[in-house]
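Bear in mind that the values in this text are calculations on the coordinates, not laboratory data. As the structure is a prediction and not an experimental result, all values here were calculated from the model. With ideal geometry, Cβ positions are generated from the backbone for all residues, glycine too; neighbour counts draw on all protein chains shown.
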Amino acid sequence: MPEKYHIKTQPVPPVSPRIGKYGMVDWREDCARCHNCVKKACVYDRYRQEADYIRNLSDVNALFFDCMGCFSCVQDCTKGLLCMSINPEYQKMGNSYWTPDIIKTTWLQAETAKIPVSGAGYRGPFSGKGFDSMWTDMSEIVRPTRDGIHGREYISSSVDIGRKLPYLAFNCNKTGANASPLVSLPMPMIIDMTSPAHTLPQLNPIIAQTAVNTDIIAIIDSRQWQGSDKQLRNIAFYIADGEDIPKDALKKTRLVEIPDGAKVIERIKEIKKIQPGIVIAIRVELTSAGVERAIKLAESKEVEVIHIVADANGNEIGASKPRFIKDMTRQIHTALIEKGCRDEITLMAGGGIALPEHMAKEIICGADLITINLPLLISLECHLCNSCKPGMVCPAKLEKIDINYGVGRMTNLIAAWHDQLIEVMGAMGMREVRRLRGDVGRAMFFENLEEETFGKLFGSRKNN
Amino acid sequence: MASFSVPEKTIKDILPENTLKTIVPQEEVTRAVKTAPSRYRNEIAKFIVHRNLNCKRCGKCAEVCQYGVHVLKPGYKYFAEPKNHLCIGPSCEKTGNFCVAKCPNGALQLKENPLFKALGDYRWPGDLILATWKMAETGDVPPAEYGYEYNCGNSGGGFDRLRFKFPDKPPVKIDADKIDTSISLNKRGDGRPEIKIDVPWYGGGMSFGSVSNVTQLSKARAAKAWNTFTCTGEGGYMERMRPYDDHVITQVATGLFGVREETIQRVPIVEFKYAQGAKPGLGGHLLGDKNTPAVAKMREAVVGISLFSPFPFHSVYSIEDHQKHLDWIKHINRRALISTKVSTPTDVDMVAVGSYSAGTHIVHIDGGYGGTGAAPDIAKKNIAMPIEYAIGRVHKFLADEGVRDKVTLIASGGIRSAHDVAKAIALGADGVVIGTVELVALGCVRCSRCESGRGCPRGIATTDPELAAKMNIEWGTQRIINLYNAWRKVLVGILQRFGMKSVTELRGRTDLLMHLDYTNDVGAKK
């Protein structure tokens, strides 16, 4: 039995006061000091812990932010004085894509490494834009393992990155004599560089060590690399146009990324001359020309990996009516199938991957693996307030971050995502993530379901 | 046993003595509506009436208010805190009895309650929760002047965008008491009892462990009162439920927790749970915290250990294997009907037909937007299709295969209101299973804390004895009885407007529906 992929985790508590969704419990005047709220109503003992919190004034607000929103104290208060509302600080976090709920669940996973579980069913909208407009399928009978939750470790999440052979070639009875190099990762995820808006070079050592701990790869700008040689196996340098190739370090890495450009094929040859065994990814920004460019690049025999990157919200870059990453990925994936070269190329996709289900859905849409960066930044208690600029105050104090804390939180998050990928694949009856790629038969899309169900009954959708 | 109408001769032919009838005496529970007010001191209100120091205690507010918001108790000098939950809000201005305007001293102010904004979510907005509480309290829908939207939620799709196309006036005038809301659960004509339930819904499976015994018993007693059913879920069969055996469905799921031949023989319906909508393909999971000594004893498990019901049945690889399971139960209990509960994958229609061919009486499809217990967040909205899509698909496929009238199709997974019930039936279901709404009737605020620690802080989905004691069985029973009464009234109102004598006439009538996001220009179909 091959060694199972397992990420070692341990709880890493937050360093800043928690920001809860509910709370802001407000005592109006005329409290009877009956202590009903303290002794009876709050089953979580939040009021009883008040004294402990108040001793540490920096944490005083945490008392309120740990509120679970059960309304018991409000409804049991002898004089009806307590009031609760949604925490405005919570609502202020993130943006319309990276919602407060996404930030909160990311924090929880970074702290505990556990799959978020809750009761009372689904609470959200029926469907939405982007990844919220598709559902993964499940299998009522066919299962990848017959051992339920205890057999899920036998579901493979590993992927190979690089150019694959269209068929097996034999040379002197040896298989794969002309095979291109491949990089195997235990899960379909790569840590991408942070966007310029969130560039924090001090995070690079944390990201590098996280990649080592989880045995995945982090893409780091070669100009910012200051880590140790031991980490290089899990590092992919991003070598910008015109930058010198770090020859010695490159020989200790397995993957490298270069930007797309007019002379990208020459650049590939230049790197291959230095390190023939390295896999080279081309970063293609998903601007209006991005999809076509990715399809064009795939035709070249020199190209091994294409890394398509949408904006942080998963949208086409610079478009007034942007396409979403999942749709652009499907377009590229389908075009490559039609050209007969899909299996030869590795497609990495990044931008807008905010939750673990996005990872599964993006792979279903045609990516071999996904790249993320913002979720890891958020795991460090970032509020996504876009204050990552000199002179601005970072609420998560990222400038003073401890490396153990950072690595622990990022590792926990990746472990939780991996577990959730396995959950979804288990439900789908999939045994290998490689087989999930492009398998839209294991998904249902809002547009299709609406058309098949309501379109026949009610005509055309008004917003079509 | 009034609803069981199998000819005597047939019973004797097919039923062995030990499964002929329930062994213990069955308790009667009256269906009568009685007021069952909130068990909390302060009810959550949409609006707040604030009384300031200018109040001269003239009593004008109490005099004009028709809703009892202002109370000066006899012998008291000062007014009690306004009963905000009774206030209808700014719409009161139109009545001419608006206390704020009538107060001669300008001592009253009306504000939106910030608390209300913290209540509810897209699927269960605050209005729907408050209205459900009112129904559970009074047995009737809330008065129109309160303006609660209790027919649908705010999810932006599915049931929430479907509306009925009511005619300007009913084609036929039918008295409410002449309208039949009952449905049959056995359409196979296989000699087993032809069970009818008086309302087209029954209670979903919630195990002892996921909810308290008080909750389970309240559901069972309400089911008895309304001649419908409740389900044990997969957590064993409490002895205290035996006086309601005739209205209990017991569940056989993969963990086989508490499943014994003797419990299977007690009930008129046995449900095979293959999957559940909130976590399809993931099995069941009771977190260790809720596995108390009582729960562990019932499930024959070790206290404090998380209990998994692994997905799927390890003995079922095919419809033929499924049939083997059904035959096993049918042999053990010769009067039982079989229900097969599945979730909603792409091929749910094939699964339904296969299940029928295996011998099931009830095909129960459970969509992803319901669920009452613990489920991974990733499963809740991402796996399998919402029930609104699945109902029509299964209904049509069963009809195309020529077996639609041989099987009862039950839908669940996000049925929150009587209008949802009617819409599900119009889409093609015979009836529905409900779960969350019963918990809301018992005081659930949907804080989602059912799953861990001591469980539900409201004392509903908990096994902690102290928390479970927050509610008593009589009150819980009455709340659910009242809710059912209010729902039936709404359903009867819908049928009246369409001139239908029976809820069965509504099944599959998609021509009576419209969708707010569509052009609705497709010709009428039936």
Q. For the range B:60-92, which trypsin sites (Lys or Arg not before Pro) are in a loop by DSSP, counting at most 10 other Cβ atoms within 10 Å?
A. B:K77
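For chain B, divide the Cα radius of gyration by the Kirkwood radius and give the resulting Rg/Rh value with two decimals. Please list the in-between numbers first.
Numbers: Rg = 24.1 Å, Rh = 24.2 Å.
Radius of gyration relative to Kirkwood radius: 1.00.
Fewest first, what order do B:W201, A:W98 take by the number of other Cβ atoms within 10 Å?
On the way: B:W201 30, A:W98 21.
Starting with the residue having the fewest Cβ neighbours, the order is A:W98, B:W201.
Restricting to bridges with both residues inside the protein assembly as shown, how much of the DSSP beta-bridge set is antiparallel, in percent to the nearest 5?
Numbers: 31 of 91 bridges.
Looking only at bridges with both residues in the protein assembly as shown, the antiparallel portion is about 35 percent.
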Q) Relative to the longest principal Cα axis of chain B, at what angle does helix B:387-400 sit, 0 to 90 degrees, rounded to 10? A) 40
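Near B:E93, within a Cβ-to-Cβ distance under 14 Å, what is the net charge of the other residues, with Lys and Arg +1 and Asp and Glu -1? Please report the intermediate quantities before stating the final value.
Numbers: positive: B:K94, B:K102; negative: B:E145.
Every neighbour counted, the sum reads +1.
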Q) How high is the relative contact order of chain A, given as a whole-number percent (alpha carbon pairs under 8 Å, six or more residues apart)? A) 20
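So what's the net charge close to B:K60: Lys and Arg +1, Asp and Glu -1, counting the other residues with Cβ under 15 Å from its Cβ? Don't skip to the end; give the middle numbers.
On the way: positive: B:R51, B:K56, B:R57, B:K102; negative: B:E63.
Its environment carries a net charge of +3.
Taking beta carbons within 10 Å but only from partner chains, what does the mean come to for residues B:454-467?
On the way: counts 2, 2, 4, 10, 5, 2, 0, 2, 1, 0, 1, 0, 2, 2.
Mean partner-chain Cβ count within 10 Å for B:454-467: 2.
In deg cm²/dmol, rounded to 500, what helix-only [θ] at 222 nm does chain A give when every DSSP H run of at least 4 residues adds -39500 (n - 2.57) and the total is split over its residues?
The helix-only estimate for chain A comes to -8000 deg cm²/dmol at 222 nm.
Would you please classify the overall shape of the range B:257-309 from the alpha carbon gyration tensor, given that a ≥ b ≥ c denote the square roots of the eigenvalues, rounded means a/c under 1.5, and beyond that prolate means a/b larger than b/c while oblate covers the rest? List each step's numbers first, then the result.
On the way: a/c = 2.94, a/b = 1.14, b/c = 2.59.
Cα axes put the range B:257-309 in the oblate bin.
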**Q.** Proxy reagent accessibility, fewest Cβ within 10 Å first, across B:K273, B:K173, A:K164
**A.** B:K173, A:K164, B:K273
**Q.** Residue mean of other protein chain beta carbons inside 10 Å, A:66-74
**A.** 6
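If you put +1 on each Lys and Arg Cβ and -1 on each Asp and Glu Cβ, how big is the dipole of the range B:45-118 around its Cα centre, in Debye rounded to 20? List each step's numbers first, then the result.
On the way: 12 positive and 4 negative charges, 32 e Å.
With Lys and Arg at +1 and Asp and Glu at -1, about 160 debye.
Using the number of other C-beta atoms within 10 angstrom as an exposure proxy, rank A:I86, A:I332 with the fewest first. Could the numbers behind the result be given before it?
Details: A:I86 19, A:I332 29.
The fewest-first ordering by Cβ neighbours comes to A:I86, A:I332.
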Q: Name the shape class, rounded, prolate or oblate, that the alpha-carbon gyration tensor gives for chain A, where a ≥ b ≥ c are the square roots of its eigenvalues, rounded holds for a/c under 1.5, and otherwise prolate holds if a/b is larger than b/c and oblate otherwise.
A: prolate
**Q.** Helical segments meeting 30 Å axial Cα length and Kyte-Doolittle 0.0 threshold in chain A (DSSP H)
**A.** A:403-428
Q) Check B:L337: other-chain or 5+ apart residues with amide H under 5 Å from its amide H, H built from backbone geometry? A) B:I269, B:V270
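What does DSSP give for chain A in terms of the percent of beta bridges that are antiparallel, rounded to the nearest 5?
Values: 12 of 43 bridges.
Rounded to the nearest five, the antiparallel share is 30 percent.
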Q. Put +1 on the Cβ of each Lys and Arg and -1 on the Cβ of each Asp and Glu in chain B; which of B:N151, B:Q323, B:I305 then has its Cα farthest toward the positive end of the dipole?
A. B:N151
Q.
If I fit a long axis through the Cα atoms of helix B:418-427 and take the longest principal axis of the Cα atoms of chain B, what angle between them do I get, 0 to 90°, rounded to 10?
A. 40
Q: Specify the inter-centroid distance of the range A:335-414 and the range B:358-410, based on alpha-carbon positions, in whole Å.
A: 36
Q.
What whole-number volume per residue, in cubic angstrom, does the convex hull of the C-alpha atoms of the range A:247-353 give?
A. 104
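Mind ordering B:179-191, B:104-116, A:422-434, A:184-196 by average Cβ neighbours within 10 Å, highest first?
Details: B:179-191: 17.9, B:104-116: 16.0, A:422-434: 22.9, A:184-196: 20.7.
Order by mean packing, descending: A:422-434, A:184-196, B:179-191, B:104-116.
In cubic angstrom, how much convex hull volume per residue do the alpha carbon atoms of the range A:271-311 span?
Values: hull volume 2.6 nm³, N = 41.
Given the Cα convex hull of the range A:271-311, per-residue volume reads 64 Å³.
About the Cα centre of the protein assembly as shown, what is the dipole size in debye to 20, counting +1 per Lys and Arg Cβ and -1 per Asp and Glu Cβ, all else neutral? Mind dumping the intermediate values first?
Numbers: 128 positive and 111 negative charges, 385 e Å.
Here the size comes out at about 1840 debye.
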Q. Which listed residue (A:S379, A:L398, A:M410) has the Cα farthest towards the positive end of the charge dipole for the range A:367-422, taking +1 on Lys and Arg C-beta and -1 on Asp and Glu C-beta about the Cα centre?
A. A:L398
Q) Of B:W487, B:A222, B:Y40, which is farthest along the charge dipole of chain B in the positive direction, counting Lys and Arg as +1 and Asp and Glu as -1 at C-beta? A) B:Y40
Q. What size of dipole, in debye to the nearest 20, comes out for chain A about its Cα centre when the only charges are +1 on Lys and Arg C-beta atoms and -1 on Asp and Glu C-beta atoms?
A. 360
Q.
Per residue of the range B:182-193, what does 6.51 cos²θ - 1.76 cosθ + 1.60 with θ = phi - 60° give for ³J(HN,Hα)? Whole Hz please, x for Gly and Pro, Karplus curve as stated.
A. 7, 9, 9, 9, 10, 10, 7, x, 9, x, 7, x
(Q) Need one value for B:306-313: mean number of C-beta atoms belonging to other chains within 10 Å of its residues' C-beta atoms. (A) 4
**Q.** For A:A218, distant residues with modelled amide H under 5 Å away
**A.** A:I191, A:I235, A:A236
**Q.** Rg to Rh quotient for the range B:44-130, alpha carbon positions, Kirkwood Rh
**A.** 1.02
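Computed over the Cα atoms, what is the radius of gyration of the protein assembly as shown divided by 2.2 N^0.38 Å, N being its residue count?
Working: Rg = 30.4 Å, N = 990, 2.2 N^0.38 = 30.3 Å.
Against the empirical 2.2 N^0.38 Å value, I get 1.00 for the protein assembly as shown.
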